[in-house]
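Q: Sharing a structure below in structure tokens format, with a few things to ask.
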Amino acid sequence: MAVIGIDIGSRSIERVVWDPATGRWSWDKVPTTFDPVAQCRKLLADADGCPVVATGYGRRLVAEHFPGLSVRTITEIQAYARGVHHLVPEARTVLDIGGQDTKVIALSREGAVVRFEMNDRCAAGTGKFLEFMASSLQVPLEVFGDFALEADKQVTLNSMCTVFAESEATSLMARGERPQNIAMALHQAVVRRTLAMLRRVGGERPVVFAGGVAHNRCIVRLIGDSLGGGLILAEDPDVVGALGAALAGALP
Amino acid sequence: MTASYEAMWERLGLDLDAHTSLLEVLGKFYGDIYMSQQGRLRGMEYLDFVVSEIHGLRIRELEEARAQGRKVIGTFCVFVPEEIVWAAGGIQVGLCAGAEAGTEAAEKILPRNTCALIKSFVGFKLARLCPFTESCDMIVGETTCDGKKKAYEIFSDHAPVYVMEIPQMKGAADRALWKAEVLRFKEAVEDLTGRSITAENLSEAVRLINRRRRVLQRLNRLRAAQPVPISGRDVLLINQVSFYDDPDRFTQKIGELCDELEAKVRRGEGVADGAARVLLSGCPMAIPNWKLPYIIESSGAVMVGEESCIGTRNTRDLVDESGRTLEEMLDAIVERYMKIDCACFTPNTERLEHIVDLARELEVKGVIHYGLSFCQPYAMESFKVEKALRNAGIPMLAVETDYSMEDVEQLKTRVEAFVEMIR
């Protein structure tokens, strides 16, 4: 029987349907919106009888609102660890930058979570930070990384706090700095913070990069360069959590 | 209880409206976290009663004692030698410092980035919300951290503050300093109460407080059974209440609760089937700071020990009762208090040893280290604690938070992920 993994994040909800018999899986993704339950209802419309494993911030929503389904919950940490281990069995570290938080997870050779770090309630260095900065530079989030890669000069931005970084960016703009260079500086700030977290958990290679921010080519390049190799980009990076949840559901 | 106590609270100068809302919030919080538990011990009814009357009946008792000329001394730290206060006929109580109430008022006179515990005790006073603080004839501060040290200077404009210097190392000179401080405190208490401390009344006080420590030690031994017979939340509450209630009554009631617990252990009854045993370590958790314990125990774990000032740090060591002269007894008190392994000491290797030993004794799967945001000594030590535990093969999760509820979801994710990891 198929197993469903669903990852309710702050920006998007992903669903993976996994067939343990064939090892095949398919996925869907919808925005979270202001009504995540309605969005989940769409994704779980044909879930009758399938075991469901929910993860992400909204994991408890599913258990509460779909009493007819057999629902288990696991944390994003466990889900990303499982998803990454399945996709890249040799992975030793998972880096997941999502909408609200950044997680770094050290894995054992067998794929078990050994240690993890997660940002606190502050959104510095997460997808939210990039989203906020893209909008203050009036660049669509989807191309913010490419925009930053057009930088032609090194500019330094010191603050990682969303509010202060914005005022720093504003004063750079007022001095006539090219927005591409400012965008690059913002990306570098995120990467500095990410690398510090990676170092805290040991950062053993290979490091697998998952989560929505892995779509950002500038972040990928900067982290890859800093690690000097050993960074692997997860396939469909934002779906890894839902995949991990589905895999957990296939366990006895 | 509100109506019957309002006149008393008014007399104490509380802000009645704000205090009523505080009690409402606390009552709801208590209901969600405590009363919702299944299969609690009958003995917990005493705790429920004490908590429901914590600002009522207990305060009335203090008022009556004061009317008879006894003095009430409030503290925020396990370093203040209680034996001296009781010997002189005083009453020692812990003070309100575990809730966000009054934070706004506190931030008028304290920097925003001050730890929640300090902001809380100042806030309770400025917002006139703590009947204990208002019942005190003397409030004893101590120099366990820079934040508290400087806050007491500001606090002394609002309350009768006396500050004890706590040494920061454990050499001979530090012991001499501590002894001098204990003697100075003895004089201050004698001046306040008008009663001299003698070998006789001090010996009695030493036995009184040791009895309370012993019953808490017994509780800690019983709770560690497999399966776990009582929730960690309930034991934390018992430890918290030990700072407020009359020591004799408390000892007797907790003794009865332990008898009940012992029978439960014999029957092999547990409260948390399949939950991962964890040790909570770090900063003190003044009542009603139950956020993290509640999150832990609703995430598939059960707390089987608290390495905390509101926990084993306060109950582990007894005062030697063999002293015959006043001098010998005071020395025994000095010795006992010098064993406290507060993070204010340097070096503080005994704390690391205690945590590793405790984790092994209690057969825990992991340790959750709790730090209050902006509490530098414990934040600094959390790195060393993690290293010592890692070397012993015991996983640790470091959590830093305050009394607000805004990070509950993030904390749940971390704690649940930690439990998934150690299971």
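Q: Could you give the length gained by full extension between B:THR325 and B:GLN38, i.e. 0.36 nm per residue of separation minus their alpha carbon distance, to one decimal place? Before the final figure, lay out the partial values.
A: Working: separation 287, 0.36 × 287 = 103.32 nm, distance 5.01 nm.
Value of the extension gain: 98.3 nm.
Q: Please report, to two decimal places, log10 I(q)/I(0) for region B:216-336 at q = 0.11 Å⁻¹ as given by the Debye formula with identical point scatterers on the Cα atoms and no solvent.
A: Rounded to two decimals, the profile gives -0.42.
Q: Relative contact order of region A:92-233, please, whole-number percent, based on alpha carbon pairs below 8 angstrom and at least 6 residues apart.
A: Answer for region A:92-233 is 31 percent.
Q: Return the average number of partner chain Cβ atoms within 10 angstrom of each residue Cβ along peptide B:411-419. If you can, show how the numbers build up before the last one.
A: Numbers: counts 2, 4, 10, 8, 1, 7, 13, 5, 2.
Counting Cβ atoms of other protein chains within 10 Å of each residue's Cβ and averaging gives 6.
Q: Taking region B:1-82, how much of its Cα-Cα pair set, in percent, is spaced more than 20 angstrom apart?
A: Looking at region B:1-82, the distances longer than 20 Å represent 49 percent of pairs.
Q: Could you sort the peptides A:83-93, B:302-312, A:114-124 by per-residue average Cβ neighbour count (10 Å cutoff), highest mean leading?
A: Highest to lowest by the protection proxy: B:302-312, A:83-93, A:114-124.
Q: Next up: Would you be so kind as to identify which of B:TYR30, B:THR143, B:ALA276 lies farthest towards the positive end of the dipole of the protein assembly as shown, taking Lys and Arg as +1 and Asp and Glu as -1 on Cβ and the Cα centre as origin?
A: Highest projection toward the positive end goes to B:ALA276.
Q: Rounded to the nearest 20 Debye, what is the dipole magnitude of chain B about its Cα centre when Lys and Arg each give +1 and Asp and Glu each give -1 at the C-beta?
A: Values: 53 positive and 66 negative charges, 164 e Å.
About 780 debye.
Q: By how many degrees, 0 to 90 and rounded to 10, does the Cα axis of helix A:76-87 deviate from the longest principal axis of chain A?
A: It works out to around 80 degrees.
Q: Given bins 5 angstrom wide, list per bin the percent of all Cα-Cα distances in region B:174-261, short to long.
A: For region B:174-261, the pair-distance distribution reads 3, 12, 18, 17, 15, 12, 10, 8, 4, 1, 0.
Q: In addition: Charges at C-beta only: +1 for Lys and Arg, -1 for Asp and Glu. How large is the resulting dipole of region B:188-297 about its Cα centre, in Debye rounded to 20? Walk me through the numbers on the way to the answer.
A: Working: 17 positive and 15 negative charges, 81 e Å.
About 380 debye.
Q: Let me ask you something else. For region A:92-233, which whole-number percentage of the solvent-accessible area (1.4 Å probe, protein heavy atoms only) is attributable to carbon and sulfur atoms? Don't skip to the answer; put the middle values down first.
A: Working: 3230 of 6120 Å².
Heavy-atom surface of region A:92-233 belonging to carbon and sulfur, 1.4 Å probe: 53 percent.
Q: Quick one: what are the phi-derived ³J(HN,Hα) couplings along region B:236-251, Karplus 6.51/-1.76/1.60 with θ = phi - 60°, whole Hz, x for glycine and proline?
A: So the Karplus estimates, Gly and Pro as x, are 4, 4, 4, 4, 5, 5, 4, 7, 10, 7, 4, x, 5, 5, 4, 4 Hz.
Q: Using +1 at the Cβ of each Lys and Arg and -1 at the Cβ of each Asp and Glu in region B:258-355, identify which of B:CYS258, B:SER308, B:PRO288 lies farthest towards the dipole's positive end.
A: Result: B:PRO288.
Q: How big is the charge dipole of the protein assembly as shown about its Cα centre, in debye rounded to the nearest 20, if each Lys and Arg gets +1 on its Cβ and each Asp and Glu gets -1 on its Cβ?
A: Using Cβ point charges on Lys, Arg, Asp and Glu, the protein assembly as shown gives about 1120 debye.
Q: What is the sum of charges, Lys and Arg at +1 and Asp and Glu at -1, for the other residues whose Cβ falls under 10 Å from the Cβ of B:VAL122? Don't skip to the answer; put the middle values down first.
A: On the way: positive: B:LYS108, B:LYS119, B:LYS125; negative: B:GLU107.
Residues close to B:VAL122 contribute a combined charge of +2.
Q: Report the convex hull volume per residue for chain B, counting only C-alpha atoms, in Å³.
A: Value for chain B: 133 Å³ per residue.
Q: Measure nothing fancy, just the Cα-based angle from helix A:127-136's long axis to the longest principal axis of chain A, in degrees from 0 to 90, nearest 10.
A: 40 degrees
Q: Still on this model: Relative contact order for region B:331-423: what percent, with Cα pairs under 8 Å and sequence separation of 6 or more? Before the final figure, lay out the partial values.
A: Working: 72 pairs, mean separation 24.6, N = 93.
Reported as a whole number, the value is 26 percent.
Q: Which of the listed residues, A:MET118, A:CYS218, A:SER108, is farthest toward the dipole's positive end in region A:92-233, when Lys, Arg count +1 and Asp, Glu count -1 at the beta-carbon?
A: Result: A:SER108.
Q: Right, another one. When N is the residue count of chain A, what does its C-alpha Rg come to as a fraction of 2.2 N^0.38 Å?
A: Ratio of Rg to 2.2 N^0.38 Å for chain A: 1.04.
Q: Enumerate the residues in region B:278-311 having an amide nitrogen under 12 Å from the point lying 7 Å beyond the Cα of B:LEU177 toward its Cβ.
A: Counting backbone N atoms under 12 Å from the label point, the list is empty.
Q: Using the Karplus equation 6.51 cos²θ - 1.76 cosθ + 1.60 (θ = phi - 60°), what ³J(HN,Hα) coupling, rounded to whole Hz, does each residue of region B:142-154 give in order, writing x for Gly and Pro?
A: Using θ = phi - 60°, the values come out as 7, 9, 6, 7, 5, x, 5, 3, 6, 5, 5, 4, 6 Hz.
Q: Counting pairs of Cα atoms in region B:143-194, how many percent are more than 15 Å apart?
A: Values: 754 of 1326 pairs.
In whole percent, the share of Cα-Cα pairs in region B:143-194 beyond 15 Å is 57.
Q: Next up: Compute the FRET efficiency between B:GLU269 and B:ASP248 as 1/(1 + (r/R0)^6), taking r as their Cβ-Cβ distance and R0 = 25 Å, and round to the nearest 0.05. Could you put the intermediate results ahead of the total?
A: On the way: r = 30 Å, r/R0 = 1.19.
Given R0 = 25 Å and the Cβ-Cβ separation, E is 0.25.
Q: Additional query: Which percent, nearest 5, of DSSP beta bridges in region B:17-170 are antiparallel?
A: Looking only at bridges with both residues in region B:17-170, the antiparallel portion is about 0 percent.
Q: Between B and A, buried accessible area summed over both sides at probe 1.4 Å, in Å² to the nearest 100?
A: By this definition, chains B and A bury close to 1600 Å².
Q: Is the shape of region A:1-136 best called rounded, prolate or oblate, per the rule: a/c under 1.5 gives rounded, else a/b larger than b/c gives prolate, else oblate, with a ≥ b ≥ c the square roots of the Cα gyration tensor eigenvalues?
A: Oblate shape, in that a/c is at least 1.5 and b/c is the bigger or equal ratio.
Q: Using the Karplus curve 6.51 cos²θ - 1.76 cosθ + 1.60 with θ = phi - 60°, what ³J(HN,Hα) values do you get for each residue of region A:14-28, in whole Hz, with x for Gly and Pro?
A: 10, 10, 10, 10, 10, 10, x, 5, 9, x, 8, 8, 9, 9, 9
Q: Amide H to amide H, which residues 5 or more places from A:ILE232 or on other chains are under 5 Å from it, using H placed in the peptide plane?
A: Sorted by chain and number, the residues that satisfy this are A:VAL207, A:VAL208, A:PHE209.
Q: I would also like to ask the following. For B:ASN113 paired with A:ASP152, estimate the spin-label separation in nm (one decimal), with each label point 7 Å from Cα along the Cα-to-Cβ line.
A: According to this spin-label approximation, the distance is 3.9 nm.
Q: Per residue, how many Å² of accessible area does region B:225-370 show with a 1.4 Å probe?
A: Roughly 33 Å² per residue, with all protein chains present.
Q: Work out how much length B:ASP146 to B:ARG70 would gain on full extension: take 0.36 nm times their residue separation and subtract the Cα-Cα distance, in nm to one decimal.
A: Extra length from B:ASP146 to B:ARG70 when fully extended: 24.1 nm.
Q: Separate question: How many angstrom lie between the Cα centre of region A:71-144 and the Cα centre of region B:156-216?
A: Each part's Cα centre sits 52 Å from the other's.
Q: On to the next question. Need one number: nm distance between label points at B:ASP48 and B:ASP357, each 7 Å from Cα along Cα→Cβ, rounded to one decimal.
A: For the pair B:ASP48/B:ASP357, the computed spacing is 3.8 nm.
Q: Still on this structure, I have one more. Could you provide, to the nearest whole Å², the per residue accessible area of region A:92-233 with probe 1.4 Å?
A: 43 Å²
Q: If you consider only alpha-carbon coordinates, what radius of gyration and Dmax does the protein assembly as shown have, in Å?
A: 27.7, 85
Q: What residues have an amide H closer than 5 Å to that of A:LEU107, excluding those fewer than 5 places away on the same chain, when H is modeled at 1.01 Å from N in the peptide plane?
A: A:THR93, A:VAL94, A:VAL114
Q: Could I ask something else about it? Within 10 Å of each Cβ of B:396-408, how many other protein chain Cβ atoms are there on average?
A: Average per residue, whole number: 1.
Q: Helix A:217-227 against the longest principal axis of chain A: what's the angle in degrees, Cα atoms only, rounded to the nearest 10?
A: 80 degrees
Q: Roughly speaking, what is the centre-to-centre gap between region B:294-348 and region B:1-63 when only Cα atoms are used, to the nearest Å?
A: 28 Å
Q: What FRET efficiency comes out for the pair B:ASP157/B:ARG11, r = Cβ-Cβ distance, R0 = 25 Å, nearest 0.05?
A: 0.65
Q: Please name the residues of region A:79-126 whose accessible area, counted over protein heavy atoms with a 1.4 angstrom probe, falls by no less than 50 Å² between the chain alone and the full protein assembly.
A: Residues shielded by partner chains are A:ARG115, A:PHE116, A:MET118, A:ARG121.
Q: Still on this structure: Per the Kirkwood formula on distinct C-alpha pairs, the Rh of region B:231-271 is how many angstrom?
A: Values: mean 1/r = 0.0904 Å⁻¹.
Taking every pair of different Cα atoms in region B:231-271, averaging 1/r and inverting gives 11.1 Å.
Q: Considering every pair of different Cα atoms, what Kirkwood radius, in Å, is found for region A:92-233? Don't skip to the answer; put the middle values down first.
A: Details: mean 1/r = 0.0657 Å⁻¹.
For region A:92-233, inverting the mean 1/r across all distinct Cα pairs yields 15.2 Å.
The values are calculated or read from the model by the stated rules, or taken from the named source; none is laboratory data. Nothing here was measured: the structure is a model prediction, and the numbers come from that model. Because the Cβ atoms are built from the backbone with ideal geometry, glycine has one as well, and the counts that use them run over all protein chains shown. Each accessible area value is taken on the protein alone, full model and side chains, heavy atoms only, with ligands, DNA and RNA left out. Shrake-Rupley method; radii C 1.70, N 1.55, O 1.52, S 1.80 Å.
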